[in-house]
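The values are calculated or read from the model by the stated rules, or taken from the named source; none is laboratory data. As the structure is a prediction and not an experimental result, all values here were calculated from the model. Cβ placement follows ideal geometry from the backbone for every residue including glycine, while neighbour counts extend to all protein chains displayed.
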Amino acid sequence: MRDILPAIREAGAELVIVGNGTPDMARAFRDELGLEAPLYTDPTRRTYALAGFKRGVFATFSAKGMAHAARAWRKGFRQTATRGDALQQGGLLVVERGGRILYAHRDSEAGDLASNDEVLAALREVSNRRAR
Amino acid sequence: MNVDLGVAPILDLEGRAIPLSSLWRDRTVVLSFVRHFG
């Protein structure tokens, strides 16, 4: 998602990250990654549930999930101690100013992430409507 | 998508609660919900 941060800003939008640990964990995460995007957290995970994101053993430990984890490991990503709920899957929403949902992706297992192209397409829809 | 999503609170880095909808009040937002922080 960081790759398309310039394109997101160019479209007049902002990338915001939401996690599910404590605010302390969120601050540590921001400092470790040098995150530039605004960061929030929902320790209750209510927003995750309302957005329909998955949670559970099968989502986390599926064969595809394990394959994604292995690939990430080979690329050098190392998971430190889990700060948050280990079984919670994430997702991505593109929400237009005012609340209309332009795009939603619910990760079906660990490693299954939203596509940058689809996010950009959703943002272009906003720009195109503004231009008309 | 549940209609209560916008009113559900999230915490900023100082632990202050705001409704999720405040994130899209002024501009379009790409909201990435991560699995966990690390």
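Can you tell me which residue is modelled with the lowest pLDDT among those in region A:81-121 that are of a type in the set (D, E, K, R) and within 27 Å of A:Ala11 (Cα to Cα)? In this case the residue turns out to be A:Asp112.
Looking across region B:1-24 at every residue that is within 7 Å of another protein chain (Cβ to nearest Cβ) and among the charged types (D, E, K, R), the one that is farthest from A:Arg55 (Cα to Cα) is identified as B:Glu14.
Residue-wise test of (1) surrounded by fewer than 23 Cβ atoms within 10 Å (Cβ to Cβ); (2) in contact with a helix residue (DSSP H, G or I) (Cβ under 6 Å, 6 or more places away or on another chain); (3) aliphatic (A, V, I, L, M); (4) not in a helix (DSSP H, G or I).
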| position | (1), (2), (3), (4) |
| --- | --- |
| A:Ala104 | yes, no, yes, yes |
| A:Glu109 | yes, yes, no, yes |
| A:Leu113 | yes, no, yes, yes |
| A:Arg129 | yes, no, no, no |
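When A:Arg71, A:Arg124 are checked against the criterion of being part of a helix (DSSP H, G or I), at pLDDT 90 or above and more than 16 Å from the chain's Cα centre (by Cα), A:Arg124 stands alone in meeting it. Inspect all residues belonging to region A:80-101 and state whether any of them is assigned to a helix (DSSP H, G or I) and without any contact (Cβ under 8 Å) to a residue 60 or more places away in the chain. Looking for residues that are assigned to a helix (DSSP H, G or I) and without any contact (Cβ under 8 Å) to a residue 60 or more places away in the chain, one finds none in region A:80-101, hence no. Does any residue of region A:23-31 turn out to be touching a strand residue (DSSP E or B) at 6+ places or on another chain (Cβ under 6 Å) and in contact (Cβ under 8 Å) with a residue 12 or more places away in the chain? Scanning region A:23-31 turns up at least one residue that is touching a strand residue (DSSP E or B) at 6+ places or on another chain (Cβ under 6 Å) and in contact (Cβ under 8 Å) with a residue 12 or more places away in the chain.
Let's see how each residue does on (1) under 13 Å from the mean Cα position of the chain (by Cα); (2) in a helix (DSSP H, G or I); (3) at pLDDT below 90; (4) buried (at least 16 other Cβ atoms within 10 Å of the Cβ):
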site: A:Gly21; (1), (2), (3), (4): no, no, no, yes
site: A:Met25; (1), (2), (3), (4): no, yes, no, yes
site: A:Phe29; (1), (2), (3), (4): no, yes, no, yes
site: A:Leu35; (1), (2), (3), (4): no, no, yes, no
site: A:Tyr40; (1), (2), (3), (4): yes, no, no, yes
site: A:Pro43; (1), (2), (3), (4): no, no, no, yes
site: A:Gly52; (1), (2), (3), (4): no, no, no, no
site: A:Ala59; (1), (2), (3), (4): no, yes, yes, yes
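Within region A:101-115, one or more residues are in contact with a Leu (Cβ under 8 Å, 6 or more places away or on another chain) and among the acidic types (Asp, Glu).
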